[in-house]
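Q: Here you go, one structure.
What follows draws every value from the coordinates through simple rules; no lab data is involved. Predicted model, so just to flag it, every value in this text is computed and none were measured. With ideal geometry, Cβ positions are generated from the backbone for all residues, glycine too; neighbour counts draw on all protein chains shown.
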Amino acid sequence: MLTPVPFFRVRSLLTQLVSCATRWVPSSCFSIQTPSPLESVSVVKNVEAGDQTNEAKHLDVYRRSIELDMLALQSLLHATDTPSSSSPSSTTAPYFSFPVFVDSLLACQSRIFFTAVGKSGVVARRAAASLSSLGLSSEFVHPTEWLHGDLGKLQKDSVVVFMSHSGSTAELISLISHMRKRPTVKLLGIFGSKDCVLAHRCDVSILASTPPHTELLGCVPTGSIIAQEAVINGLLRAVSASKGKHDQELVEDFRINHPGGKMS
């Protein structure tokens with residue numbers, strides 16, 4: 001049977017162990033090293049310098065991005081100086097004309113449809129929503145939905161607007177052949193390429209081309225999206241100006257179609 005060790009004996013042994021440890025191990029190992037005031041200031045300055053470097057870097061990227069967007073818009077603006085290409089009666093060359101495009105929207109007595117995929121689809125949705133708020137009945141339909149029954153939405157004199165930066169989107173190419181079977185439906189397009197497949201098959205188009213280097217990494221839709229949005233804004237302003245009403249009347253019409261939200 002084990003005999004209990006008295007507490008005073010345990011305390012004595014612990015005291016001896018600590019004494020031996022402090023004899024062979026430097027006392028610095030038992031103390032917490034705190035930086036001097038000068039060292040602390042140096043660390044803070046380094047952190048602040050790093051923050052300032054990152055801040056400057058981010059601002060430089062931001063400014064460069066704005067410059068590239070402006071370049072995309074300048075390219076779009078310069079394209080308006082070029083006369084409309086080809087003619088509406090041409091069966092071989094694509095026909096580009098902003099004025100004829102606007103007139104086609106205004107002449108529509110049925111419904112205007114926008115169709116696109118990817119980032120162009122996002123812009124197309126906004127276009128349909130904004131035109132509707134101006135009184136032109138518009139709707140976005142995804143290309144896949146057309147092929148699964150929504151072709152039945154098309155009526156006599158309907159207008160369909162195709163949007164694609166490349167102008168060679170496979171989903172739209174397969175769709176346009178089905179719409180061409182309805183001769184009373186007018187097909188319009190907004191494309192980033194002048195000599196693309198879709199432009200050849202549309203009745204009239206708008207060119208929204210941009211320099212390749214305005215795209216992030218040369219391939220991520222950025223500058224091209226700015227150009228597409230600018231085209232849509234131009235269409236909205238042209239449609240509004242063609243109504244022959246005073247600005248206040250147009251504002252009142254807009255408020256009737258857009259009662260929600262805060263209007264400036």
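Q: Suppose the chain between LYS243 and HIS58 were pulled fully straight at 0.36 nm per residue; how much longer would it get relative to their current alpha carbon spacing? Write out the running numbers ahead of the final one.
A: Numbers: separation 185, 0.36 × 185 = 66.60 nm, distance 4.44 nm.
Taking 0.36 nm per residue and subtracting the Cα distance, the gain is 62.2 nm.
Q: Could you check the spin-label model distance between GLU229 and ASP157? Points 7 Å from the Cα along Cα→Cβ, value in nm.
A: With each label point 7 Å from Cα toward Cβ, the separation is 3.5 nm.
Q: To continue, here is another question. Expressed as a whole number of Å, what is the distance separating the alpha-carbon centroids of segment 128-179 and segment 208-224?
A: Measuring centre to centre over Cα atoms gives 24 Å.
Q: With a/c under 1.5 counting as rounded, go ahead and sort segment 93-174 into rounded, prolate or oblate using the C-alpha gyration tensor (a ≥ b ≥ c being the square roots of the eigenvalues; past the cut-off, prolate if a/b is larger than b/c, else oblate). Kindly include the intermediate steps, with their values, before the conclusion.
A: Details: a/c = 1.38, a/b = 1.16, b/c = 1.20.
Taking the square roots of the gyration eigenvalues as a ≥ b ≥ c, segment 93-174 is rounded.
Q: Further question: Calculate, in nm to one decimal, what HIS178 and LYS119 gain on full extension: separation in residues at 0.36 nm each, minus their alpha carbon distance.
A: Numbers: separation 59, 0.36 × 59 = 21.24 nm, distance 2.36 nm.
So the extension gain works out to 18.9 nm.
Q: Could I ask something else about it? Arrange the following residues from fewest to most other Cβ atoms within 10 Å of their Cβ: LYS186, LYS243, LYS156. Don't skip to the end; give the middle numbers.
A: Values: LYS186 21, LYS243 13, LYS156 10.
By the 10 Å Cβ count, ascending: LYS156, LYS243, LYS186.
Q: Amide H to amide H, which residues 5 or more places from PHE96 or on other chains are under 5 Å from it, using H placed in the peptide plane?
A: Placed amide hydrogens put SER85, SER205 under 5 Å from PHE96.
Q: Give, as a single signed number, the net charge of other residues whose beta carbon lies under 15 Å from the beta carbon of VAL100, with Lys and Arg counted +1 and Asp and Glu -1. All intermediate terms of the calculation are to be shown ahead of the outcome.
A: On the way: positive: LYS186; negative: ASP103, ASP203.
Value of the local net charge: -1.
Q: Taking the Cβ of each residue in VAL160, VAL102 as the centre, tally the other Cβ atoms inside 10 Å and list the residues starting with the fewest. Write out the running numbers ahead of the final one.
A: Values: VAL160 24, VAL102 19.
Going from least to most buried by this count: VAL102, VAL160.
Q: Just need the Rg to Rh number for segment 79-257, please, alpha carbons only, Kirkwood Rh.
A: Values: Rg = 15.8 Å, Rh = 16.6 Å.
The Rg/Rh ratio comes out at 0.95.
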